[in-house]
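Working notes, beginning with the structure itself.
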Amino acid sequence: MSTTGKINVQTENIFPIIKKFLYSDNEIFLRELVSNAVDATQKLKALARMGEAKGDLGDTKVEVEVDKSSKTIVIKDKGLGMTKEEIEKYITQIAFSGAEEFVNKYKDKVDKNVVIGHFGLGFYSAFMVAKKVEIFSLSYKEGAKAVHWECDGSPDYQIEEIGNRTERGTNIVLHIADDCEEYLENGKIEGLLKKYCKFLPVEIKFGTKKTWVPSDESLDSAKDDDKGEEKEKEVEVDNIINNPNPAWTRKPADLTDEDYKSFYKELYPMQFEDPLFNIHLNVDYPFNLTGILYFPKLSNKLEMPKDRIQLYSNQVFVTDNVENIVPDFLTLLRGVIDSPDIPLNVSRSYLQADGNVKKISAHITKKVADKLEELFKKDRAEFEKKWDDIKIFVQYGMISDEKFYEKAAKFALVKTTGGKYFTFDEFENHVKPTQTDKDKKLVYLYATSVQEQHAYIDAAVNRGYEVLLMDTMLDPHFINHLEGKLKDVSFVRVDADTIDKLIKKDDNTVSKLNEEQQNKLRPVIEGAVSKEQFMVQFENLSEKDAPMLVTRPEFMRRMKDMNQLGGGAMGFYGTMPDMYNLVVNTNHPLISRILEEGNEEKQKSLTKQATDLALLSQGLLKGENLTNFIKRSVELI
Ligand code: ADP
Ligand code: MG
């Protein structure tokens with residue numbers, strides 16, 4: 001006996017709306033139907049454990065089949081099934097009212113990131129791709145009759161009991177709409193299954209595949225004698241899409257390093273480099289969250305990671321866009337987070353304000369900091385080895401997250417140009433006796449490139465100072481941040497001034513040149529360089545220092561750096577010329593010689609040679625000037 005019914009809704013025809021406004025995301029129909037099939041199977045297994053479902057459950061694989069000729073996709077499960085009453089209740093009443101509520105609430109706020117599965121809209125997502133949907137089902141309940149339901153996308157449906165189904169469970173048959181025939185391609189469906197269903201907890205079969213196994217003969221002959229040739233035969237086996245027991249659902253105690261590494265490969269098959277280390281997350285109060293985060297080797301550049309953290313809800317893939325769910329700096333990591341407590345049914349802009357999301361975020365941040373601290377304490381040498389690869393991550397976290405800063409300040413390292421590592425406290429104690437200036441300020445010298453600032457680093461190291469290597473893109477920001485945090489510490493780049501001015505002590509060396517001599521020399525030197533670019537300054541350095549030096553005031557350089565980082569947004573500084581100081585060491589014998597040189601031509605060329613050398617050591621001598629310098633040098637030799 002067949003009954004027809006009308007789905008009880010006010011919105012006259014809901015399917016066109018569902019179809020239209022979720023269109024950009026219509027592929028998720030498969031995730032919804034397969035996860036319903038998995039739920040039904042899990043429920044049956046639970047019932048069996050409680051003794052409610054009797055007998056052997058048999059094969060409980062979920063199967064997906066595509067039939068191009070009849071233009072159908074079938075999702076089959078051997079789960080608990082539904083009776084006629086249950087279909088009327090769960091499919092046509094509850095699920096449908098959920099769908100209606102959803103559409104009413106969100107039809108004005110079209111948002112691609114809305115996840116409809118958690119709105120009881122899961123089943124009806126089928127109508128995004130199907131013009132007609134059929135359900136064939138047989139409940140596990142004793143004496144249950146099989147049932148057939150059919151709906152063509154209007155609120156009218158038909159339901160009838162049928163006699164010819166003997167298999168427990170449910171088949172969902174989708175008659176694919178004409179504009180969705182791409183879903184009738186096996187490759188398309190397999191791709192979607194691998195994307196959304198890769199770690200569902202029940203085996204999912206999609207067709208069969210051929211594989212080679214040792215043949216029986218070769219097994220036998222191997223027993224008899226070792227000479228037996230390896231014989232293999234090709235067999236057809238089920239093509240299982242998923243790994244039902246992914247590492248994050250297992251106990252950390254049951255997993256080896258190798259297990260974590262191979263799971264990493266499973267997540268990112270195109271990734272050939274092993275991760276540095278991992279964190280296994282496992283929380284059940286006050287929210288549910290499991291997962292594994294991996295630290296990859298990071299380059300010095302902050303770039304959008306290609307292999308991103310994947311978000312799951314009860315092993316169903318939701319998204320790999322975790323923006324707003326975890327703090328930005330954590331998106332540099334890889335791995336999975338699985339939480340049924342992240343409200344996936346609301347658009348992302350609401351997520352940030354959500355209390356649960358905030359707690360989850362804070363928790364993950366804390367776990368990550370704890371793990372780093374543990375590694376630091378357990379094996380300092382190993383931690384130092386990994387530091388360069390994780391530095392940008394830690395710095396990013398320290399800049400952007402106050403809580404993380406507090407924890408990380410204990411284990412974050414700075415590295416000197418000599419390759420030594422210090423914690424912040426260690427470094428402070430180490431340089432306090434030497435690098436405190438006459439105003440009791442602690443001066444931290446840094447270099448951004450050992451190659452380019454070599455002469456300046458050398459001068460500093462000769463004074464017994466340490467120079468920090470700050471060579472990442474984030475370092476300028478990090479320096480700013482640290483200056484705000486560390487008391488009475490200022491950072492200056494080694495080439496910002498002459499070393500004795502960078503760290504001023506009181507012992508002023510006396511000048512060999514008096515004021516009159518300096519005034520005589522000034523125009524000679526100014527004549528050798530561009531006036532717009534260089535300010536000539538006389539300083540009483542030691543005889544051992546270079547005769548002339550080019551320095552760049554810290555403030556000017558930072559302005560330039562910030563401007564570059566900001567992509568030229570601060571237009572004003574973009575047009576700021578590069579200004580340098582040309583420091584003349586009044587105590588160097590060469591300077592006295594220039595002053596005393598009577599022949600004007602000779603004096604000019606001597607001066608030019610000396611200024612060019614200074615420019616050269618800063619990498620500022622280029623083009624024609626460089627060519628002339630080389631010619632002149634050859635003549636001098
Ligand atoms: P949800 O899965 O969030 O409950 P759905 O719209 O996906 O919402 O499904 C509605 C209900 O229909 C389910 O809760 C379940 O009771 C029933 N259902 C759907 N698919 C199946 C299935 N394959 N086997 C048994 N029951 C099902
Ligand atoms: Mg569902």
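The values are calculated or read from the model by the stated rules, or taken from the named source; none is laboratory data. Quick caveat, the model's predicted, so the values are computed rather than measured. Neighbour counts are summed over all protein chains in view; Cβ atoms, including those assigned to glycine, are modelled from backbone coordinates with ideal geometry. These accessible areas exclude ligands, DNA and RNA; they are computed on the full protein's heavy atoms, side chains included. Shrake-Rupley method; radii C 1.70, N 1.55, O 1.52, S 1.80 Å.
Among the residues making up the range 32-73, those that are open to solvent by less than 20 Å² (accessible area, probe 1.4 Å), closer than 28 Å to Ile189 by Cα and either away from ligand 2 (no atom under 16 Å from the Cβ) or not assigned by TED's automatic domain parsing to the domain that holds Val133 (or both) are Thr72, Ile73.
Within the range 317-333, the only residue that satisfies the criterion of being surrounded by fewer than 17 Cβ atoms within 10 Å (Cβ to Cβ) and polar (S, T, N, Q) is Asn321. For Glu373, the test of being assigned to a helix (DSSP H, G or I) and on the phi < 0 side of the Ramachandran plot is passed.
Scan the range 2-18 and tell me whether some residue there is among the aromatic types (Phe, Trp, Tyr), surrounded by fewer than 16 Cβ atoms within 10 Å (Cβ to Cβ) and at pLDDT below 85.
no
Residues that are open to solvent by 50 Å² or more (accessible area, probe 1.4 Å) and under 20 Å from Arg593 (Cα atoms) within the range 606-637 comprise Lys608, Leu613, Glu635, Leu636, Ile637, listed in sequence order. On inspection, Glu160 fails the criterion of being touching a residue at least 12 places away in the same chain (Cβ under 8 Å) and farther than 25 Å from Lys43 by Cα. With respect to the conditions (1) at pLDDT below 90; (2) more than 21 Å from Leu193 (Cα to Cα), Thr319 lacks only one, and its number is (2). Asp274 fulfils the conditions (1) surrounded by fewer than 16 Cβ atoms within 10 Å (Cβ to Cβ); (2) at pLDDT below 85; (3) under 17 Å from the mean Cα position of the chain (by Cα) except for a single criterion, (2). Looking across the range 503-536, the residues that are under 50 Å from the mean Cα position of the chain (by Cα), over 20 Å from Tyr465 (Cα atoms) and surrounded by 16 or more Cβ atoms within 10 Å (Cβ to Cβ) come down to Val529, Phe534, Val536.
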